[in-house]
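The values are calculated or read from the model by the stated rules, or taken from the named source; none is laboratory data. Computed from a predicted structure; not experimentally measured. Note: ideal-geometry Cβ built from the backbone for every residue, glycine included; neighbour counts use all protein chains shown. We work out accessible area using only protein heavy atoms, side chains counted, and drop any ligands, DNA or RNA first. Shrake-Rupley method; radii C 1.70, N 1.55, O 1.52, S 1.80 Å.
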Amino acid sequence: AENEVLQTKADSDDETIREFGGHVSKTNPDFVLTFDGNSVHWPYLVKRADKTKTPLRVGRDGGPPHQSLYGHYSLIGRANVDLLNFADDLYAVKNKTIEDVAKYLGIELSSQNPIDETAYFEHWSNLNQRKNLVKHVEEQTKAILKIGQEAIDYVIQMSALSGLPPDQVIAAAVGFRVDNYLMMETHNLGQLIPSRMEQPIIPYKGAIVLEPKIGLHDNVASLDFSSMYPSLMIKYNISPDTLITGRETDDIFEVPEVRHRFRNHPSGFYRIVLTKLIEARKTTKAELKRTAPSDPRYTLLKAREKAIKVMTNAVYGYAGWAGARWYSKEVAESAAALGRETINRAISIAKSLGLTVFYGDTDSLFVNHDEKLVQKFQGEIDRQLGLEINLTEVYKRILFTEAKKKYAGLKTDGQIDVVGLEAVRGDWSNLARDVQNTVLRMVLEDAKPDRAATYVKGLAADLRSRMLPLSAYVIWKTLTKPVAAYEVNAPHVEAAKKMAKEGWSVTAGDKVGFVITKKTGKLYQKAEPHYKVSTDDIDYDYYVNNQIIPAAARILEVLGLTENQLIAEPGSQARLSGRSERG
DNA sequence: TTTCCCTGCTTACCT
DNA sequence: ACAGGTAAGCAGGGAAAT
């Protein structure tokens, strides 16, 4: 039956593998979906099939999977899609678990308490608990299918655009998707494809980030240039094949600041492909407007539009990537310089119209939302710069911290946008994130810190009696290299070492969950793998002083409160001296 | 001997 | 393993304070 979860009663590897192959042949799917299959399930199955000398018949040819490009396994005649690769494109999902990805995509899961990998063995060993483990895996299997249904249109559209097969395109890094897309277009133009060359990495100056106007501001609009870098590259014909290296002076454009020169005519390669991409996106958007959301083509068009957008936005970065076939430092550097000129001129225009600029980053500006002035501003950007700037959001109230790239705004629909702050960082505890989100809502709604300060003080005073689940205290950090390669001690590395000692395979790219315990010594000596900790072991002082207070203070300091004011009841010196050391 | 301050390593975020 | 710009915590070491 469709969407049926198959379970085997086989009790040996060879029997299980044989049965699995039989089911694949019988079902004969076009797509095979896994979650982390390229790193875990396929290599494992291949190894066990080898060891037991059992044929792993999963391809349409009845053959085994083959290791392919981009760290991916391919099945002959089927598209083997590893949905973890799709999840990597979902920036908002911090910890790429099946459960978190499903939740983000709005997929309902019937089980609320998934079993952590580290508890699998224990569940398997205990016959009563084994049932729960089987149930859990069944739930995950169903979730993977649903995630696949959400991903499939995007995968197919990205494949159609880039020319890479659907199973490869999602495994391929962004640079290789662009590379392949450009190769396709070169072919369409009847031109030759340059070979990839070893290039030294030469850094260059990038975008401008403005100093934010610290504090709470009411009625603020955010505006964004639409496709700023692509638009500038098209406008000034910035491309490797239009770059002038000789003495030409006729019909040329010199980029401000960096002084690279480009021919105005004929159109260069990047102008041609970027124009094509932008036109394709416009066409798709127009078609979407004519299509009812219930129409099956609607999701397909949405996916196509997203794929085109992703590709368009990646071209500038690609041009500055030393591994690109069409690498040109001059091109990337010129686009960046033109971007800086653009934002600077936009700031001048805004100010000349009487608008206040609160903040800006690369291609965005935050100004007071005076509707008439903002419209006039957009008109002037079009007239003076020949570029489009869109009103993307209106905030009833917005808070800028002293730091760049960290702010939060209350939108007109009551939702809060949080940018860069601890609340959106995956390497802070859920506890700290929840506290900061709560503080932000209180502050943005009240426009004063009192309610939030009382809340934080209350929580800090009796954290342990709140009996929060352990998951509130777990901190997740990525291991970016093998544990032995680290130069300095760090809590997540120490926790990883402890896991390795117990036989867990911890490798670069893994997320390590740890909890700070009451043990003595440096912080890294207090860190324990999350699954080994009980709530009795938690160092509550650390979580108050180094998680809750800093996360709350980041916001409340903007309104004049200090960290100390959040810890101490007025006049209580005892608590002040009771703080644990910070760094 | 303890505290303070600076620097480098490290991770994650923003556009 | 698309780009550069930015914040921030912790470790470690030496200088300054006790």
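³J(HN,Hα) across segment A:70-84 via Karplus (A = 6.51, B = -1.76, C = 1.60, θ = phi - 60°), whole Hz, x for Gly/Pro?
Values per residue, Gly and Pro as x: 6, x, 10, 9, 10, 10, 4, x, 9, 9, 8, 9, 8, 6, 5 Hz.
Once neighbouring chains are kept in place and the probe is 1.4 Å, which whole percent of the accessible area of segment A:13-172 is contributed by carbon and sulfur?
Carbon and sulfur: 53 percent of the exposed surface of segment A:13-172.
Given axes a ≥ b ≥ c from the Cα gyration tensor, I'd like to know whether segment A:264-348 is rounded (a/c under 1.5), prolate (a/b larger than b/c) or oblate.
Because a/c hits 1.5 or more and a/b exceeds b/c, segment A:264-348 counts as prolate.
Assuming 0.36 nm per residue, please report the length gained on full extension of the stretch residue A:60 to residue A:384 beyond their Cα-Cα distance.
Full-extension gain reported as 110.7 nm.
Between residue A:289 and residue A:124, what is the label-to-label distance in nm when each label sits 7 Å out along the Cα-to-Cβ direction?
5.7 nm
How much length, in nm to one decimal, is gained on full extension between residue A:211 and residue A:419, taken as 0.36 nm per residue of separation minus their Cα-Cα distance?
73.4 nm
Under 16 Å between alpha carbons, and skipping anything fewer than 8 positions from residue A:142 in its own chain: which lysines qualify?
Answer for residue A:142, where 16 Å is the Cα cut-off: A:103, listed by chain and number.
Return the percentage of antiparallel bridges among DSSP beta bridges fully within segment A:421-583, rounded to the nearest 5 %.
100 percent
Rounded to the nearest 20 debye, what is the charge dipole size of segment A:421-583 about its Cα centre when +1 sits on each Lys and Arg Cβ and -1 on each Asp and Glu Cβ?
In total the dipole reaches around 280 debye.
Distance check, please: which entries in A:405/A:481; A:26/A:146; A:213/A:406; A:276/A:306; A:96/A:526; A:96/A:511 exceed 19 angstrom between their Cα atoms?
Pairs exceeding 19 Å: A:405/A:481; A:26/A:146; A:96/A:526.
Please say if segment A:421-583 is rounded, prolate or oblate, where rounded means a/c under 1.5 for a ≥ b ≥ c the square roots of the C-alpha gyration tensor eigenvalues, and otherwise the choice is prolate for a/b larger than b/c and oblate otherwise?
Prolate shape, in that a/c is at least 1.5 and a/b is the bigger ratio.
Under the classification rounded if a/c is under 1.5, otherwise prolate if a/b is larger than b/c and oblate if not, where does chain A fall, given a ≥ b ≥ c as square roots of the Cα gyration tensor eigenvalues?
The shape class here is oblate.
Would you mind computing Rg(Cα) / (2.2 N^0.38 Å) for segment A:163-310, counting N as its residues?
Relative to the rule-of-thumb radius for its length, segment A:163-310 sits at 1.34.
What is the gain in length, in nm to one decimal, between residue A:131 and residue A:525 on full extension, counting 0.36 nm per residue of separation less the C-alpha to C-alpha distance?
138.1 nm
If packing is taken as the mean number of other Cβ atoms within 10 Å per residue, what is the order of A:73-79, A:409-415, highest first?
A:73-79, A:409-415
Along the Cα-to-C-beta direction of residue A:109, a point sits 7 Å from the Cα; which residues of segment A:429-465 have their amide N less than 11 Å from that point?
No residues fall inside that zone.
How high is the FRET efficiency between residue A:44 and residue A:193 when r is their beta carbon distance and R₀ equals 51 Å, given to the nearest 0.05?
0.85
In debye to the nearest 20, how big a dipole does chain A give about its Cα centre with +1 on each Lys and Arg Cβ and -1 on each Asp and Glu Cβ?
260 debye
Evaluate the charge dipole of segment A:23-157 about its Cα centre and quote only its size in Debye, nearest 20, assuming +1 on the Cβ of each Lys and Arg and -1 on the Cβ of each Asp and Glu.
660 debye
So how do A:430-436, A:194-200 stack up, highest first, on mean other-Cβ count within 10 Å?
Top of the packing list down: A:430-436, A:194-200.
Quickly rank A:467-474, A:46-53 as a protection proxy: mean count of other C-beta atoms within 10 Å, highest first.
By packing density, highest mean first, the sequence is A:467-474, A:46-53.
From the residues A:6, A:68, A:20, which one has its Cα farthest along the dipole of segment A:1-76 in the positive direction, the dipole being from +1 and -1 charges on Cβ of Lys/Arg and Asp/Glu about the Cα centre?
Comparing the listed Cα positions along the dipole, A:68 ranks first.
Give me the 1.4 Å probe accessible area per residue for chain A, excluding ligands and nucleic acids, in Å².
52 Å²
With a Förster radius of 35 Å, plug the Cβ-Cβ distance of residue A:481 and residue A:375 into 1/(1 + (r/R0)^6) and report the FRET value to the nearest 0.05.
Plugging the Cβ-Cβ distance into 1/(1 + (r/R0)^6) gives 0.10.
Apply the Karplus curve 6.51 cos²θ - 1.76 cosθ + 1.60, θ = phi - 60°, to the phi angles in segment A:440-448 and return the couplings in whole Hz, x for Gly and Pro.
Each residue's phi maps through the Karplus curve to give 4, 5, 4, 5, 5, 7, 8, 6, 8 Hz.
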